[in-house]
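The values are calculated or read from the model by the stated rules, or taken from the named source; none is laboratory data. Since this is a predicted model, take the numbers as computed values, not measurements. Note that each Cβ is placed from the backbone with ideal geometry, even for glycine, and that neighbours are counted across all protein chains shown. Keep in mind that these areas ignore ligands, DNA and RNA; they rest on the heavy atoms of the full protein, side chains included. Shrake-Rupley method; radii C 1.70, N 1.55, O 1.52, S 1.80 Å.
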Amino acid sequence: MKLIRQVLNDFRRELVWLIVYSVLASTVFCTLPGLFGALSSESRRQLYEIEEELRRSDLSMIVTKGLRIGSVPEDARVAFDAPPRPYTGRTLRAMLEEGFSREGKLGSFAVERDADTGRAKYVFFVGKYVDLAPVAVPEDCDYYICASEGAAESAGGTVTVFGEELPITGAVPEGTAIYHPVHPYAAENLDGALYVFIRDYESLRRIFWYSHTTFINENLIAVGADREELAELVSAMHRETGQYVCVQTTEELLGVSTERMKTYAELLFKLSAVFALLAAMALNISRAIRRWGTEYSIHHLFGAPGPFIFARMLLFGLGYNLIAVESMWYRVLFPVGWTFTYFADGTVAAEKTRGAVSAAEAGRTAVSTGVIAAAVLAVCVYEFIRFKAKFSKGMRGE
Amino acid sequence: MDGIFAKGLSKSYRTSKDSVVNAVCGVDLEIRGGEIAAIVGPSGSGKSTLLNMLGLIVRPDSGEILLNGERIDGMRGGKSCRFRNANFGYVMQDFALIDGESVYSNIRLPMLYNKKIGFREYRRRVREAAESLGIADKLRRKPSRLSGGERQRVAIARAIVCGQPVILADEPTGSLDAENRSRVMDILLDLCKNGGRTVVIVTHDLSLAARCDRIIRMRDGRIEADEAEKT
Ligand SMILES: Nc1ncnc2c1ncn2[C@@H]1O[C@H](COP(=O)(O)OP(=O)(O)OP(=O)(O)O)[C@@H](O)[C@H]1O
Ligand SMILES: [Mg+2]
């Protein structure tokens, strides 16, 4: 009882700092779970494996979007600069049909997002990309639908896609990511998404007649294609769609991939930022505890036992982070998004929408909470040892 | 055997990698119960260190300490905390009061950790201690608003509130003016003569020391002379 009263009193006298700290720490802590997700060995392993897979396959990227000439090596424009082959009369459609057939060399993927939350809802792997995906897809089926473990729909159920009810056949482990060197969402976490694997162009067109061209346009790759074949495809695309197209080999891309560098740089930045902020947190707690050093000494001198002093430090340290940790949990348990609807007359309706709890997110938040608690414990143990040492030297400094 | 008894007390501090300060070396000491003793000596002669060892704050490197015949130098942890609480009242040069809390809370502090004193007794005991020291009207104030003399009286009230039989005072008059010095000294003498307490004072002020039963002179960590002033 007196312990609680003393700790509350400590907080009362530290109130302004506590508020400032809580606001700052809340924002910092909220980034922690995401970071742990990005750092998890599982997603890094997959990234690495896919990268290796890409290296092994004789793969060419057909870059149609987000083309940045500046970042593309000289060699990469060879296919684009290569003189068009004599016109063979084959249309782009015919080339795609052949390319996306079982024996074909083309592949692509696309992500369809939830309009509200922005999270990946459907992930499509088409053609050769099926073999690059981190899931074993049976050879004999035209399409194969998998639910990730965190998705609302699960294996054995069905999903309705553009009016057609399709069975969900498999499951994809949590923490799966797509890796695509030029894709801005490289290594994006796909928990909760539905995976659709399609081997041939006909099925693609049949099921996704509505948006099949996006699959081709966005992330087109060719596996084992020679220069002539690529040049023919590039010429046809230019001729029929007016698109300027560039080809890069995997080696070139993995070597210069700006996206990949960006991902790592970003990770490094986040990591050091969180490290610095955790250190700042520890320093602030230590400062706050030291502020009561004289008072702890007086209590200890007149009979407060060591464990009592330690408990007072620890409760203070943990309580100091309570608001920030709580806001981190609040974000997980009650994720709130806003939907804006724009009307023709210029008015905007804003609607609050509540998302669902993801088990993985909750797990990462729990890990973050553990890390914070461990950091606080470490600071308190350190401060207590320091306090005892100082006390037993007659309350004189180190 | 009543009183404080110490034999062969030594304490050294390592100040850097290869230099050691012998703060106290081989001190033998006996202070009878109900006696008031002054420890004097030049700065750095080990007075505070000796007092802190007697008060179970600093552990001696060697030697033994007995209080009323009980061996206390080996006490550790919770046991030494309880012992300090029940037996010692500390008075410091800088008062060691908690400025953020009222005089009342400051005086009450040792009782929080004393299992023998129920919380119903707190008020009465604080009042009694404060009245005996003439600060009963200041209980609601914060120590930072009091004069130095008043603050030291608050500290003395805290040192007697649990009925601690021994008062250990490290330069209790060091921060006070002449008038308050002699007033605090009067109080300490009174606690000894009429309160039956054992009092040990570390001081630089020889005129105050002269009023004590004994003067213990220290130099370089040793007792140079141990004289009874008035017998
Ligand atoms: N915690 C400590 N660490 C290192 N050295 C110490 C420590 N405490 C005391 N000393 C040294 O031990 C010696 C005795 O110190 P002590 O404080 O007992 O002296 P003192 O007689 O009380 O001096 P003063 O009259 O100035 O208070 C000094 O040389 C001091 O530097
Ligand atoms: Mg001293």
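Counting Cβ atoms of other protein chains within 10 Å of each residue's Cβ and taking the mean over peptide B:99-112 gives 3. Partner shielding of A:290-297 amounts to 2, given as the average count of beta-carbon atoms from other chains within 10 Å of each residue beta-carbon. Per-residue mean of foreign Cβ neighbours for B:220-227 is 0 (Cβ atoms of other chains, 10 Å radius).
So, R0 is 22 Å and r is the distance between the beta-carbons of residue B:68 and residue A:392; what FRET efficiency does that work out to, to 0.05? Present the calculation step by step, with values, prior to reporting the outcome.
On the way: r = 24 Å, r/R0 = 1.08.
That gives a FRET efficiency of 0.40.
The value for region B:140-226 of Rg(Cα) / (2.2 N^0.38 Å) is 1.14.
Fully extending the segment from residue B:120 to residue B:101, taken as 0.36 nm per residue of separation minus the present Cα-Cα distance, adds 4.8 nm. Against the criterion of solvent-accessible heavy-atom surface with a 1.4 angstrom probe, A:300, A:238 sort, most first, into A:238, A:300.
Between chains B and A, what is the buried accessible area summed over both chains (1.4 Å probe, protein heavy atoms, nearest 100 Å²)?
Working: alone 11310 and 20980 Å², together 30450 Å².
The B and A chains share an interface burying roughly 1800 Å².
Given labels modelled 7 Å from the Cα in the Cβ direction, how far is it in nm from residue B:194 to residue B:182? Between residue B:194 and residue B:182, the label points sit 1.8 nm apart. Taking every DSSP bridge with both residues inside chain B, close to 55 percent are antiparallel. Counted residue by residue at 0.36 nm each, then reduced by the alpha carbon distance between them, the extension gain from residue A:327 to residue A:19 reaches 109.6 nm.
Hey, what's the Cα Rg ratio for chain B versus the globular rule of thumb, 2.2 N^0.38 Å? Display every interim value, and only then the final one.
Working: Rg = 17.4 Å, N = 231, 2.2 N^0.38 = 17.4 Å.
Against the empirical 2.2 N^0.38 Å value, I get 1.00 for chain B.
Annotation: residue A:395 carries an accessible surface of approximately 60 Å², with a 1.4 Å probe and no ligand, DNA or RNA atoms counted. Between residue A:165 and residue A:272, the simple label model (points 7 Å from Cα in the Cβ direction) yields a spacing of 5.6 nm.
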